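Undergrad: Take this structure first; my questions come after.
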Amino acid sequence: MNTSLYTSLVSMGALQQKLDIISKNVANVNTTGYKRREASFEDLLTTTINQQNEFQLNGRLTPPGLNRGHGIRVDEIQMMDEQGQFSRTDNTYDLAIEGNGFFEIEVAEDPVANGQGATIARAGYTRDGSFQLTRSAENPNFNFLVTSQGRYVRDVNNQRIQLPYNAQNVKVDESGFISAQLPNGAILDKFTRVKIVRVLKPKMLEHVGDNLFVLPRNTAVNDPQFVRSLQMNRSTDEPVLVRQGHLETSNVNLSNEMTELINTQRSFQLLSRSLTMSDNMMGLVNSLRQ
């Protein structure tokens, strides 16, 4: 009786975590570049109850032992990296990544050690390419390319991307090169390039809010075994391209999430009934009088 009580309680806790994950997916169905999460479970300790010797007879169909579980727990919460659909915006600074890659963002409010006794801005990674321009405080002749939260977008040299304040006809090609034209007719051809990286161990990414991810603090800066800068082109085995004037929508399928939500709620309800029955049986035993 106590076993059924504890098993139900532990399993309900794991299912509650899954319900929270599904709720987060549903809430972000319209979030640009959002990747849905999925929980996987594992069994807790399993014991075998052996039958008495007089029941272990030849010809019996029942097994000699009974496996008894002790519930489940969440083993892992994975980020599913399926490509979302592209939404056309025709906004000059809206960028989408086609393929397996992330924009690298400067997370200045959370610096990390550079291994040489100093600190530098931490690198963040996102698929949300809804960028905009902000005027440089140090040099008003330039604008910085930033995220919707105001964080700086990095180029392939790990520097903040700058554009002349009067740049016109800004173009970003599929390899991430930025070109522009000045009012006097001068052409700035491929004067900077958006940095696109591939995270080789995506399970290590930590979500810090605003659709932004970082690697653990003990990870060396630009360690090639965790992050690799990409040279975008069509000739690679796994091409990664930049689409200007587009945004990647969430890869959450609302109908699938609602189906999973209903199934999880039913499992939770079944366990809650088991918990109630165990509690009632314990109350019945405690109420017995000699």
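Undergrad: Of the residues 268, 213, only one is of a type in the set (Phe, Trp, Tyr) and under 27 Å from residue 105 (Cβ atoms); which?
TA: The conditions single out 213.
Undergrad: Next up: Could you tell me which of the residues 134, 147 is free of Cβ contacts under 8 Å to residues at least 24 places away in the same chain and either among the hydroxyl-bearing types (Ser, Thr, Tyr) or not assigned by TED's automatic domain parsing to the domain that holds residue 222 (or both)?
TA: Result: 134 is the single residue among 134, 147 that is free of Cβ contacts under 8 Å to residues at least 24 places away in the same chain and either among the hydroxyl-bearing types (Ser, Thr, Tyr) or not assigned by TED's automatic domain parsing to the domain that holds residue 222 (or both).
Undergrad: Quick check: is even one residue across segment 165-173 of a type outside the set (D, E, K, R), without any contact (Cβ under 8 Å) to a residue 12 or more places away in the chain and in a loop (DSSP other than H, G, I, E, B)?
TA: Taking every residue of segment 165-173 in turn, none turns out to be of a type outside the set (D, E, K, R), without any contact (Cβ under 8 Å) to a residue 12 or more places away in the chain and in a loop (DSSP other than H, G, I, E, B).
Here is a yes/no grid of residues against (1) more than 21 Å from residue 228 (Cβ to Cβ); (2) under 25 Å from the mean Cα position of the chain (by Cα); (3) among the hydrophobic types (A, V, I, L, M, F, W, C):
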position: 148; (1), (2), (3): yes, yes, no
position: 162; (1), (2), (3): yes, no, no
position: 177; (1), (2), (3): no, no, yes
position: 187; (1), (2), (3): yes, no, yes
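Undergrad: Right, here's the next one. Among the residues in segment 102-113, are any in a loop (DSSP other than H, G, I, E, B), modelled with pLDDT under 90 and among the charged types (D, E, K, R)?
TA: no
Undergrad: Before we move on, is residue 227 touching a Ser or Thr at 6+ places or on another chain (Cβ under 9 Å), closer than 30 Å to residue 142 by Cβ, of a type in the set (Val, Ile, Thr) and at pLDDT below 95?
TA: Against the criterion (touching a Ser or Thr at 6+ places or on another chain (Cβ under 9 Å), closer than 30 Å to residue 142 by Cβ, of a type in the set (Val, Ile, Thr) and at pLDDT below 95), residue 227 qualifies.
Undergrad: Okay, next question. From 228, 198, 217, which residue is in the same structural domain as residue 144 (by TED's automatic domain parsing) and either touching a Phe, Trp or Tyr at 6+ places or on another chain (Cβ under 8 Å) or of a type in the set (Gly, Ala, Ser) (or both)?
TA: Just a single option satisfies the conditions, and that option is 198.
Undergrad: Take residue 154 and tell me if it is surrounded by 15 or more Cβ atoms within 10 Å (Cβ to Cβ), assigned to a strand (DSSP E or B), out of contact with any Leu (no Cβ under 8 Å at 6 or more places or on another chain) and of a type in the set (Lys, Arg).
TA: yes
Undergrad: Name the pairs whose Cβ atoms lie under 6 Å apart, with the first residue in segment 66-95 and hydrophobic (A, V, I, L, M, F, W, C), the second loosely packed, with under 11 Cβ neighbours inside 10 Å and in a strand (DSSP E or B), and 6 or more positions between them or separate chains?
TA: 66/49
Undergrad: Could you please find all residues in segment 176-204 being assigned to a loop (DSSP other than H, G, I, E, B), surrounded by 13 or more Cβ atoms within 10 Å (Cβ to Cβ) and not charged (D, E, K, R)?
TA: 176, 182
The values are calculated or read from the model by the stated rules, or taken from the named source; none is laboratory data. Predicted model only: the values in this text are computed from it and were never measured. Neighbour counts are summed over all protein chains in view; Cβ atoms, including those assigned to glycine, are modelled from backbone coordinates with ideal geometry.
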